[in-house]
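Below is one structure, written out as structure tokens; comments come after it.
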Amino acid sequence: MLSLKNQSCYGVKREKQVVFAKIKQLDEEKVVVEKEISVLEEELSSVTEKRDKILDSVNELRKQREEWNAPFYQNCNAISKAKVLATKKDVGNKSLEEIAKRQHAEERKKKQAEKAAAKAAITAQKEAEKKLKEFITFFRFYVY
């Protein structure tokens with residue numbers, strides 16, 4: 001009987017050691033996962049900050065576009081007035097054509113600059129979204 005009790009106690013002690021070893025292993029894995037989560041949270045905040053900066057720059061570009069377009073509309077009014085004066089005073093058509101060509105050249109330059117800025121902003125935003133998707137995928141994998 002005594003031997004049976006000793007064996008039973010030994011078995012219980014052995015099981016207890018196995019359980020504590022498993023708990024220790026899981027705690028170590030938990031620490032690793034928590035570190036990875038903190039790194040990913042920092043990366044998420046960085047990506048979010050970049051995204052906010054990009055949105056600010058897009059809004060700034062829109063504001064600049066509006067400012068740049070204001071002279072265009074003023075020029076349109078000036079050209080229409082010039083055409084009216086030309087018909088009244090018979091001003092040469094060549095000078096009107098030169099004004100129109102100059103205006104069109106300025107408009108093309110502005111549009112090219114806007115397209116380049118918008119393209120850069122979109123590229124940066126896509127990159128930020130890609131990082132965010134990677135974070136979400138990684139987080140789902142480790143949490144679930």
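Couple of notes before you dig in:
- The residues of the chain expose, per residue, 86 Å² of accessible area to a 1.4 Å probe.
- Positive dipole terminus of the chain, leading residue within Gln25, Ala124, Ser38 (C-beta point charges): Ala124
- Between the helical axis of 93-143 and the longest alpha-carbon principal axis of the chain there is an angle of about 10 degrees.
- Cross-link table Lys50/Lys110; Lys109/Lys131; Lys35/Lys126; Lys53/Lys109; Lys50/Lys109; Lys50/Lys133, entries beyond 22 Å C-alpha to C-alpha: Lys50/Lys110; Lys109/Lys131; Lys35/Lys126; Lys53/Lys109; Lys50/Lys109
- Value in Å of the Kirkwood radius, where region 15-57 supplies the Cα pairs that are averaged: 12.8 Å
- Near-label residues of region 36-55 by backbone N, under 17 Å of a point 7 Å along Cα→Cβ of Ile122: 54-55
- Helix-only mean residue ellipticity at 222 nm for the chain, each DSSP H run of n ≥ 4 adding -39500 (n - 2.57), per residue, nearest 500: -36500 deg cm²/dmol
- Most mobile of Glu28, Glu60, Glu114 in a GNM of the chain (Cα contacts under 10 Å): Glu28
- Angle between the chain longest axis and helix 2-89 axis [Cα atoms, degrees, rounded to 10]: 0 degrees
- Compactness of the chain - radius of gyration and Dmax, Cα, Å: 35.3, 129
- Model label sites at Thr87 and Lys53, defined 7 Å from Cα along the beta-carbon direction, differ in position by 5.4 nm.
- Extended-chain gain in nm, criterion 0.36 nm per residue less alpha-carbon gap, Arg62 and Ala21: 8.7 nm
- Gaussian network model of the chain, Cα within-10 Å springs - most flexible of Lys81, Lys63, Lys131: Lys81
- Between Val58, Val84, Val47, the residue with the greatest mean-square fluctuation in the GNM of the chain (Cα pairs under 10 Å linked by springs) is Val84.
- Rounded to the nearest 20, the Cβ-based charge dipole of the chain about its Cα centre (Lys and Arg +1, Asp and Glu -1) stands at 500 debye.
The values are calculated or read from the model by the stated rules, or taken from the named source; none is laboratory data. Being a predicted model, the structure only gives us computed values, none of them experimental. So basically every Cβ, Gly included, is an ideal-geometry build from the backbone, and we count neighbours across all protein chains shown. Keep in mind that these areas ignore ligands, DNA and RNA; they rest on the heavy atoms of the full protein, side chains included. Shrake-Rupley method; radii C 1.70, N 1.55, O 1.52, S 1.80 Å.
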